[in-house]
Amino acid sequence: MFALALILACCCCCWPAESAASIGIVKSLAEQQSDGSYFFAYEAANGNYREEVGIVKEDSLEVSGVYRYLDDSGHSVEVSYVADQNGFVPRGFHIRAGSNINKPL
């Protein structure tokens, strides 16, 4: 459960703030299984989207997903990620290869 909270916190911090105008949701899906596994996806009218799958395995949760948003220059930024017993591992063209978000501070 800690991994899920960490992922959500990271994604919320990285997600760019929108203007005061409301942006409509054009797609929204969610499914939760009795074992705690889940899937959700949404897409906004401006092209931002996020999809995530969480799978319960014994005493752990393995999460994978992808999100996309437009940066301040109007370029599409997409990040895929995995979070499991090895930590949170993001991948994207703007993320330096070999960077380790799991290093101790």
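Condition check for ARG50 on (1) modelled with pLDDT under 85; (2) among the basic types (Lys, Arg); (3) within 18 Å of the chain's Cα centre (by Cα): one failure, at (1).
Condition check ((1) at pLDDT below 55; (2) not β-branched (Val, Ile, Thr)) across all residues:
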{"residue": "LEU4", "(1), (2)": "yes, yes"}
{"residue": "CYS12", "(1), (2)": "yes, yes"}
{"residue": "SER19", "(1), (2)": "no, yes"}
{"residue": "ILE23", "(1), (2)": "no, no"}
{"residue": "SER28", "(1), (2)": "no, yes"}
{"residue": "GLN32", "(1), (2)": "no, yes"}
{"residue": "ASP35", "(1), (2)": "no, yes"}
{"residue": "PHE39", "(1), (2)": "no, yes"}
{"residue": "GLU43", "(1), (2)": "no, yes"}
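What is the residue count in region 44-79 for residues that are exposed (fewer than 15 other Cβ atoms within 10 Å of the Cβ) and either outside any strand (DSSP E or B) or not hydrophobic (A, V, I, L, M, F, W, C) (or both)? Counting residues in region 44-79 that are exposed (fewer than 15 other Cβ atoms within 10 Å of the Cβ) and either outside any strand (DSSP E or B) or not hydrophobic (A, V, I, L, M, F, W, C) (or both) gives 14.
Quickly run through region 53-77 and pick out the residues that are within 10 Å of the chain's Cα centre (by Cα) and either within 18 Å of ILE23 (Cβ to Cβ) or small (Gly, Ala, Ser) (or both). Hits for region 53-77 are SER64, GLY65, TYR67, ARG68. Given the structure, is VAL89 among the β-branched types (Val, Ile, Thr), surrounded by 11 or more Cβ atoms within 10 Å (Cβ to Cβ), out of contact with any His (no Cβ under 6 Å at 6 or more places or on another chain) and at pLDDT below 95? Answer is yes for this residue.
The values are calculated or read from the model by the stated rules, or taken from the named source; none is laboratory data. Predicted model, so just to flag it, every value in this text is computed and none were measured. Here Cβ is always computed from backbone atoms with ideal geometry, including for glycine, and neighbour counts include all displayed protein chains.
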